[in-house]
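For reference, the structure discussed in these notes is given below.
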Amino acid sequence: MLPGPGSGSATLLAGSAASVFALDIAAHTGPWRGRHPAEKALLALGLLVCAVALPTWPGALLSGGAAAVLLAVARVPLVVVLRAARVPLLFVVTSTIPLLASMPAPLRLAIDPAGLPVAAQTAGRSVAALTCLLLFTATTPLSEVLPRLHRLGIPPAVTEVAALTYRMLFLLVESVRAVRQAQAARLGFRTWRSAYRSLAGQAGAVFVRALHRARRLEEGLAVRGYTGSLAVQVGAHRVSVPFVAATTALLGVIVMVSTGWVSPW
Amino acid sequence: MHIAEGYLPPEQAAAWFVVSAPFVVHGSRALVRQVRADPESKLLLGAAGAFTFALSALKIPSVTGSSSHPTGTGLGAVLFRPPVMSVLGGIVLLFQALLLAHGGLSTLGANVFSMAIVGPWVAFGSYTMVRRAGGGMDPAVFAAAALGSLATYGVTVAQLALAFPDPTAGIVGALAKFGGIFAVTQIPLAISEGLLTVLVVRLLSRTSGDELRRLGLLRPAAEVRA
């Protein structure tokens, strides 16, 4: 007999909005909160580019290793990092399995020893790049990145829609959680039929709440003389010259060692 | 199904950015025009983006006892149209990368192409075809959500096969390998998403008829045919 959806109700109840946004919370509460987002982007995204673009061994190893050390320096809780890494790592493991097999004839699979270096290289590059991404996301609040995106040439209308999406999604994800909890308390996930009905209820509730929220915002802004511009105050941070210099030096060393300009031995 | 950060070789990751760019630029221009003509629509678009993100917080139970989340591309494309979804989908994928570490920045171009471009266009095309053929709302919405999700899965498998062709059977062999390993979860998920989306649209038709009419979803089949 197949397990009923009710067996997963514990998992359904477990994910609170706080755990969903654990990386953003870590970024807002961490000691690097006051640093300029451009500094952290240079460091983490520079390491990310090194991890992806340089020869995997030792490029990814050095970049990923540096990012892992910096996650500890930035005092990002290990549990937050490991929880966030679960889903992408599951993808990496699953999609690396086909690299270890070859198809000598139609519908026939055979273990391919030659696939091991490709699999190790791909998985290594991905894990290193993921560590660099986590360094950026766990130290840089998205609310500080979005208002600066127009400097990259993105139309202000698009960045403002993104900022509005960001502001509303916390409420909506919290709504999903609250509705799910109420449904679970009323045995809403006991059978397959009731589970699907409950899920439709969650999506419907979120849709209605999103539109109501948009309408209330529209009314609130209209009475304040809304002209189409949604200016928000962005925290003023000064770019630290020593931080940028140290980042440039680190990236330079990784590039030189990875491309063979300088031997570490 | 998001391709994880750094999984694609750098040249392929860059190529998918180039492929996705025209669609996202076209969608952005449409969005800018819409916002210029009606500044208040910015709020509705923000709500639509947040709704699409929140859909990924829904947990669809699977036959293995674990759970998975819907892509939301089918419902999004039917409600908000594919050009807008290419931008909203791009924003949602960026947020999923930066808030949840699902997908990534280097693989954003590839993920945008599968989930914010091909998925929504296939979903919208399926919905329109079923409606034009005289089909009811339920089969049209099911086709949109299930085929949109399957198209997303198919494109992701193709992206992986192009990046890692089989040493003996080439790209076709790689398609079979990657397709086979992900089919276990993605095909049941596509069917589940189709069924769930039908229930959601039925519920919204009862509770939010005015909003669906404003978004152009609730129309008699005869009008769609015309």
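For region B:15-32, residues that are facing chain A (nearest Cβ under 7 Å) and of a type in the set (A, V, I, L, M, F, W, C) total 2. Residues in region A:21-41 that are aliphatic (A, V, I, L, M) and either touching a strand residue (DSSP E or B) at 6+ places or on another chain (Cβ under 9 Å) or within 14 Å of A:Thr137 (Cβ to Cβ) (or both): A:Ala22, A:Leu23, A:Ile25, A:Ala26, A:Ala27, A:Ala41. Is one or more of the residues making up region B:61-71 facing chain A (nearest Cβ under 8 Å) and modelled with pLDDT of 90 or more? Looking through region B:61-71, none of the residues is facing chain A (nearest Cβ under 8 Å) and modelled with pLDDT of 90 or more. Of all residues in region A:180-207, exactly one satisfies the criterion of being among the β-branched types (Val, Ile, Thr) and crowded, with 17+ Cβ neighbours inside 10 Å, namely A:Val206. If the Cβ limit is 9 Å and pairs must be 6+ apart or interchain, which residue in region A:215-235 that is of a type in the set (Asp, Glu) pairs with which residue that is surrounded by 11 or more Cβ atoms within 10 Å (Cβ to Cβ) and in a loop (DSSP other than H, G, I, E, B)? Close Cβ pairs (under 9 Å, with a partner that is surrounded by 11 or more Cβ atoms within 10 Å (Cβ to Cβ) and in a loop (DSSP other than H, G, I, E, B)) amount to A:Glu218/A:Tyr226; A:Glu218/B:Glu40. Condition first: surrounded by fewer than 20 Cβ atoms within 10 Å (Cβ to Cβ), facing another protein chain (nearest Cβ under 7 Å) and more than 16 Å from B:Thr107 (Cβ to Cβ). Now tell me which residues in region A:86-101 satisfy that. Answer for region A:86-101, where residues must be surrounded by fewer than 20 Cβ atoms within 10 Å (Cβ to Cβ), facing another protein chain (nearest Cβ under 7 Å) and more than 16 Å from B:Thr107 (Cβ to Cβ): A:Ile97, A:Ala101. Looking at region A:161-176 only, could you name the residues that are over 18 Å from the mean Cα position of the chain (by Cα), facing chain B (nearest Cβ under 7 Å) and more than 25 Å from B:Gly27 (Cα to Cα)? If the condition is that a residue be over 18 Å from the mean Cα position of the chain (by Cα), facing chain B (nearest Cβ under 7 Å) and more than 25 Å from B:Gly27 (Cα to Cα), then A:Val176 is the only one that fits. Exactly one residue among A:Pro113, A:Pro104 is without any contact (Cβ under 8 Å) to a residue 12 or more places away in the chain, more than 8 Å from every other protein chain (Cβ to nearest Cβ) and of a type outside the set (A, V, I, L, M, F, W, C), and that residue is A:Pro113. Here the condition is being among the hydrophobic types (A, V, I, L, M, F, W, C) and in a loop (DSSP other than H, G, I, E, B); of B:Leu93, B:Leu58, B:Leu75, B:Leu98, it holds for B:Leu58 alone.
Quick one: would you say B:Gln96 is more than 7 Å from chain A (Cβ to nearest Cβ) and at pLDDT below 85? Write out each step before concluding.
Numbers: more than 7 Å from chain A (Cβ to nearest Cβ): yes; at pLDDT below 85: no.
Here the answer is no, as B:Gln96 does not meet what is asked.
Residues in region A:177-198 that are closer than 17 Å to B:Ala50 by Cα and at the interface with chain B (Cβ under 9 Å from one of its Cβ atoms): A:Arg177 alone.
From the list B:Gly72, B:Gly104, pick out the single residue that is surrounded by 24 or more Cβ atoms within 10 Å (Cβ to Cβ) and free of Cβ contacts under 8 Å to residues at least 24 places away in the same chain.
Working: B:Gly104 fails: free of Cβ contacts under 8 Å to residues at least 24 places away in the same chain.
After applying the criteria, what remains is B:Gly72.
On inspection, B:Ser149 fails the criterion of being buried (at least 17 other Cβ atoms within 10 Å of the Cβ) and either at pLDDT below 90 or farther than 21 Å from B:Gly119 by Cβ (or both).
Which of the following residues is over 16 Å from the mean Cα position of the chain (by Cα), crowded, with 21+ Cβ neighbours inside 10 Å and modelled with pLDDT of 95 or more: A:Ala72, A:Ala51, A:Ala44?
Details: A:Ala72 fails: crowded, with 21+ Cβ neighbours inside 10 Å; A:Ala44 fails: over 16 Å from the mean Cα position of the chain (by Cα).
Being over 16 Å from the mean Cα position of the chain (by Cα), crowded, with 21+ Cβ neighbours inside 10 Å and modelled with pLDDT of 95 or more holds for just one of A:Ala72, A:Ala51, A:Ala44, which is A:Ala51.
Kindly list the number of the only condition in (1) within 7 Å of another protein chain (Cβ to nearest Cβ); (2) acidic (Asp, Glu); (3) out of contact with any helix residue (DSSP H, G or I) (no Cβ under 9 Å at 6 or more places or on another chain) that fails for A:Glu219. The number of the failed condition is (1).
Residue-wise test of (1) more than 18 Å from B:Leu75 (Cβ to Cβ); (2) of a type outside the set (Phe, Trp, Tyr); (3) within 18 Å of the chain's Cα centre (by Cα).
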position	(1), (2), (3)
A:Thr140	yes, yes, yes
A:Gln181	yes, yes, no
A:Ala185	yes, yes, no
A:Tyr196	no, no, no
A:Ala214	no, yes, no
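Just one of the numbered conditions (1) at the interface with another protein chain (Cβ under 9 Å from one of its Cβ atoms); (2) surrounded by 16 or more Cβ atoms within 10 Å (Cβ to Cβ); (3) at pLDDT 85 or above; (4) in a helix (DSSP H, G or I) is not true of A:Gly8: (3).
Where in region B:107-226 are there helices (runs of 4 or more DSSP H), lying wholly inside it, with at least 1 residues that are away from chain A (no Cβ under 13 Å) and either free of Cβ contacts under 8 Å to residues at least 24 places away in the same chain or closer than 15 Å to B:Leu79 by Cα (or both)? Step through it out loud before you land on a result.
On the way: elements: B:108-111, B:119-132, B:137-163, B:170-207, B:209-214, B:221-225.
So the answer is B:119-132, B:137-163, B:221-225.
Counting only residues that are among the aliphatic types (A, V, I, L, M) and buried (at least 24 other Cβ atoms within 10 Å of the Cβ), region B:113-131 holds 5 of them. As a summary of the residue check, B:Gln12 satisfies the conditions (1) facing chain A (nearest Cβ under 9 Å); (2) of a type outside the set (A, V, I, L, M); (3) assigned to a helix (DSSP H, G or I); (4) in contact (Cβ under 8 Å) with a residue 24 or more places away in the chain except for the one numbered (1).
Taking region A:144-155 as the range and being in contact (Cβ under 8 Å) with a residue 24 or more places away in the chain and within 11 Å of another protein chain (Cβ to nearest Cβ) as the test, only A:Val145 passes.
Of the residues screened, B:Ala110 is one that is buried (at least 23 other Cβ atoms within 10 Å of the Cβ) and modelled with pLDDT of 95 or more. Would you check if B:Val35 is of a type in the set (Val, Ile, Thr) and either more than 8 Å from every other protein chain (Cβ to nearest Cβ) or surrounded by fewer than 18 Cβ atoms within 10 Å (Cβ to Cβ) (or both)? So B:Val35 fails the test.
The values are calculated or read from the model by the stated rules, or taken from the named source; none is laboratory data. Bear in mind that the values here come from a model prediction, so they are computed numbers and not experimental data. Because the Cβ atoms are built from the backbone with ideal geometry, glycine has one as well, and the counts that use them run over all protein chains shown.
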